[in-house]
Each structure stands twice: as structure tokens, then as C-alpha cells.
Amino acid sequence: MISILIGLALLMLLAYLGWSIIWIAPLVSGIVALLSGMNILDTYTSTYMEGFVGFAKSYFPIFLFGAIFGKLMEDTGAAQSVAYKISNLIGEKRAILGMLLSAAVLTYGGVSLFVVVFAVYPLAVAMFRRANVSRKLIPSTFVLGAFTFTMTAIPGTPQIQNIIPINTFKTSTMAAPILGIVAGLIMAVGGYFYLKFREKQLVKKDEKFTEPEGDNEVNTIEEDELPNWILSLIPLIAVVITLNAFEDLSILVALLIGILLIMAFNWKEFKNFIGSINKGASGSVMATINTSAAVGFGSVVTASPGFEAVKDLIFSIPLSPYFSEAFAVQLLAMITGSASGGMGIALEALGEEYYNIAVENGLSLEAFHRITSVASGASILPHNGALLTLFTVTGLTHKDSYKDVFVVGLIIPMVATIAIIFLAMMGIN
């Protein structure tokens, strides 16, 4: 177990210092293997690479189409047009609220978190530029809008973190609606007020908006040259509707429809389409590799002998089963750098036991479902795969933004988790 803790601490520290996850993940995986008495070469070529390739196989097409969709939204001016309209409706100084709502609506609509990152980034830059708010708050606002309450808490969310517990606890996506709403309000309201507080702090320090550079640069188009905001919004709406109205269609089909609509509504820009698609495709590769590297480390940890000690520790907690289950899910999500990955491992190893405990002791299976989901999201450490993708897309670093991400993505969700555990112990669902 010490080998896992050493490996996790090293990975978080080096990732925070800005070292690329692409090479520190296999390096630290080797250290874990060495300290655990595993064969280092076999661990790297088999266990690590199976986790790496497995994630890339499942998600690269989504990263690819999502990045192309986001780049076309940016280069055609569609993203900037929608951002201006949102800013005008809620006030151009409320960039954080505008971006938060944009990310939350897409996530609750069923759009993959990774796709939301690519799709909303151009909107975010346009809104933050207009409000002259520091870009350092973009990652934390993303995390709050897409990685917290709409991902795990709000009843009915179609995100995978709310779907995985269904098979284990024989529940539905609407499980424990009161607990979900309470957790969602704690995360959304608490996170928003924290970000507004941070915005004021940065203004006092005279930290203002700065233009992203290099691969993260976002083109600016004069307002009178922007496309119609309604036509610009339709591709985003089409992705959400396609995902929810036609369950047999995959996210790839929904994104393809969105891409084709952007191109159709902006056909006069056809000469620039190839360049935009090429840039989007290139950006998706780095985002995929970064996340896959973190997932590979998680695969090594779960395959190590020390992982059995982790499971023993979880069951030794002398508290309510609600607490021990939340701790198990959160701990494994932290170790693996993935909310859904950690939850999947926890339920595969311990889910049946918790189901039996609930049935034998008259505990609520719906409460177990909601606590599992919310706890999985309260796990965003520096090596988290989705966070690494977010930093890659925005061009920011852990030093720039992780402190704020830590508060809205880990501390406040932990508070929400504890709050609904106590409510569940009182018999409230």
C-alpha cells in the first residue's frame, strides 16, 4: 500500500510542477511496480499499456470529433456570436455565470465532458475577453459547470457517473432526488460564490484578461462580422437533442451532425474549413494521450498487490456504510484519476457487498446510488485525466489554476457528499 501512496504523491507533485504526464505516468508506474515486487517491464508493456490503449480506443473518436466541432465553432465566429448573446442577456460583466451556464446545460443535456471542454472553450475565451476577467479562472469555471453538479448530483443527468450505479443498486438516473438536489445546490451555489470572490481578488491584484497564445489561441472576429447568433446556437442544440431524442445514435453521430450544421450555416467560409479541421484534429491527439497516460497509471495501481490493502482499509472503517462506500469510491477515483474509472472499480469490487448490506439493514439503495455518484466527482487531484485535458485545451497550468479547481472541484463536492450522507442517515432520499 505504501508503494501506491508514494506513486500517487509523486505523480501529483510532478504534474503540479508542470512535468508532462506523458512521461511521468509510465515513470511513476514503474516505481510503483518496483516497490510492489512486480516485473517492471511486464507492468509497462502489458498492464500500463492496456490501460492506456483501452482508454484511447474508447475515447479518441470522441476527442477527435469534439475538437473539430469546437474549432469550427471558433473559426467561423459561431462561438463568439453565442458568447456575445449570452453576455448581453445576463450582462457582459458576468462572464463566469455565462460560461458556467453554457457548460452546465451541455453536460446535463448529455454531451460528454471532454466534448464540452472543446465546445465551450471558444465561448469562454470570448466571454472572459469581453468582461476582461483573468483566464486563470476558466479551468475552475469549467470544472464547476461540467465536472460537478450536472455530472453527478442533479437527478436525471445522463452522464456516465450517474449511470454506472444503476446496475449495482437496481435504481434509475432519478435516484434519491432530494439528496441530488441538495448536493447540486451546495456545489453550484457554493462554487459560484467562491469564483466571484476569486474574481474580485484578481481584479484587486490588477490581473486582467490576457490572450491565449500558440495552439490555444482563439481568433477574434469583429462583432458586426459575426454570424447570426440563432444559427450559431443551432449546432450546439442539435448535439444535445440528437443525444437525448435518439438513444440508438452515438455521440459521434451527434457531433457529426453538429459539424455539418456549422459548415452549412457558414458555407461562405468553406475555404477555411480544411485548416480548422486539421487544427482541431491535431489538438485532439495531445488531449487523448495526456488522459490515456493518467488512466494507464490507474491500471497499474489497481493491478498491484497493495490494492488489496486499500480494499481492506475501506471495510475497516467503523462508520455508517454510507460513509465507507463514499470513502471507497472517492479514494479509488483519486488514485485512478478518473471519477467513472474509480467508481467502476469500487462497485466491481465492493458493490455487491454494499447492496447486501443495504437490503439486510433496511438502508436506501437510492441513497447509495446518489452518494456513490457525488463522491466519485469529489476526486479531482492534479493527475485527473479530464483536468489534464482541460489544461491542454486552455493552455493554462496547475500553477495558474489548480488552487481554484481544488476548491470548486474537490472541497465543495466533499462538503456536499458529507451533507447528503447525514441526510441519508436521517432517512431522507
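The values are calculated or read from the model by the stated rules, or taken from the named source; none is laboratory data. Predicted model only: the values in this text are computed from it and were never measured. For neighbour counting, all protein chains shown are included, and Cβ atoms are generated from backbone atoms with ideal geometry for every residue, glycine included. Please note that ligands, DNA and RNA were not included when accessible areas were found on the heavy atoms of the full protein model with its side chains. Shrake-Rupley method; radii C 1.70, N 1.55, O 1.52, S 1.80 Å.
For region 174-199, name all the residues that are touching a Lys or Arg at 6+ places or on another chain (Cβ under 8 Å) and either in a helix (DSSP H, G or I) or open to solvent by 50 Å² or more (accessible area, probe 1.4 Å) (or both).
Here is the first cut: in region 174-199, the ones touching a Lys or Arg at 6+ places or on another chain (Cβ under 8 Å) are 175-176, 179-180, 183.
179, 180, 183, listed by residue number.
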Every pair of residues 6+ apart whose Cβ atoms lie under 7 Å, when the first sits in region 400-429 and is more than 20 Å from residue 319 (Cβ to Cβ) while the second is of a type outside the set (S, T, N, Q) and open to solvent by 60 Å² or more (accessible area, probe 1.4 Å): 400/136; 401/136; 402/16
Given (1) modelled with pLDDT of 90 or more; (2) part of a helix (DSSP H, G or I); (3) over 24 Å from residue 12 (Cβ atoms); (4) touching a helix residue (DSSP H, G or I) at 6+ places or on another chain (Cβ under 7 Å), number of the condition residue 363 does not satisfy: (2)
Some residue of region 258-266 being surrounded by fewer than 24 Cβ atoms within 10 Å (Cβ to Cβ), over 26 Å from residue 234 (Cα atoms), among the aliphatic types (A, V, I, L, M) and touching a residue at least 24 places away in the same chain (Cβ under 8 Å): no
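Could you say which residue among 144, 113 is aliphatic (A, V, I, L, M), open to solvent by 10 Å² or more (accessible area, probe 1.4 Å) and either under 19 Å from residue 241 (Cα atoms) or touching a residue at least 40 places away in the same chain (Cβ under 8 Å) (or both)? Explain how you work it out, then say what you get.
Details: 144 fails: open to solvent by 10 Å² or more (accessible area, probe 1.4 Å).
Result of the check over 144, 113: 113.
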Filtered residue count, region 84-108, keeping only those that are touching a Leu at 6+ places or on another chain (Cβ under 9 Å) and farther than 24 Å from residue 187 by Cα: 2
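Quick one: would you say residue 202 is surrounded by fewer than 17 Cβ atoms within 10 Å (Cβ to Cβ) and more than 24 Å from residue 162 (Cβ to Cβ)? If you could, list the steps in order and put the result at the bottom.
Numbers: surrounded by fewer than 17 Cβ atoms within 10 Å (Cβ to Cβ): yes; more than 24 Å from residue 162 (Cβ to Cβ): yes.
Yes; evaluated as a whole, the condition is true for this residue.
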Given (1) part of a helix (DSSP H, G or I); (2) of a type outside the set (Asp, Glu); (3) open to solvent by less than 10 Å² (accessible area, probe 1.4 Å); (4) modelled with pLDDT under 85, number of the condition residue 139 does not satisfy: (4)
Selection count where residues are part of a loop (DSSP other than H, G, I, E, B), surrounded by fewer than 13 Cβ atoms within 10 Å (Cβ to Cβ) and touching a Ser or Thr at 6+ places or on another chain (Cβ under 9 Å), scope region 206-218: 2
Identity of the residue in region 338-357, of a type outside the set (A, V, I, L, M, F, W, C) and within 25 Å of the chain's Cα centre (by Cα), that ends up modelled with the highest pLDDT: 351
Qualifying residue in region 375-386 (condition: in contact (Cβ under 8 Å) with a residue 24 or more places away in the chain, farther than 16 Å from residue 152 by Cα, open to solvent by less than 10 Å² (accessible area, probe 1.4 Å) and assigned to a helix (DSSP H, G or I)): yes
Options 153, 183, 146, 131; residue that is among the small types (Gly, Ala, Ser), within 25 Å of residue 92 (Cβ to Cβ) and under 21 Å from the mean Cα position of the chain (by Cα): 146
Some residue of region 195-202 being over 27 Å from residue 382 (Cβ atoms) and of a type in the set (A, V, I, L, M): no
Selected residue (criterion: farthest from residue 381 (Cα to Cα)) from residues of region 327-352 that are open to solvent by 30 Å² or more (accessible area, probe 1.4 Å) and hydrophobic (A, V, I, L, M, F, W, C): 349
Helices (runs of 4 or more DSSP H) wholly inside region 219-337 containing at least 3 residues that are at pLDDT 85 or above: 229-245, 251-265, 273-303, 321-336
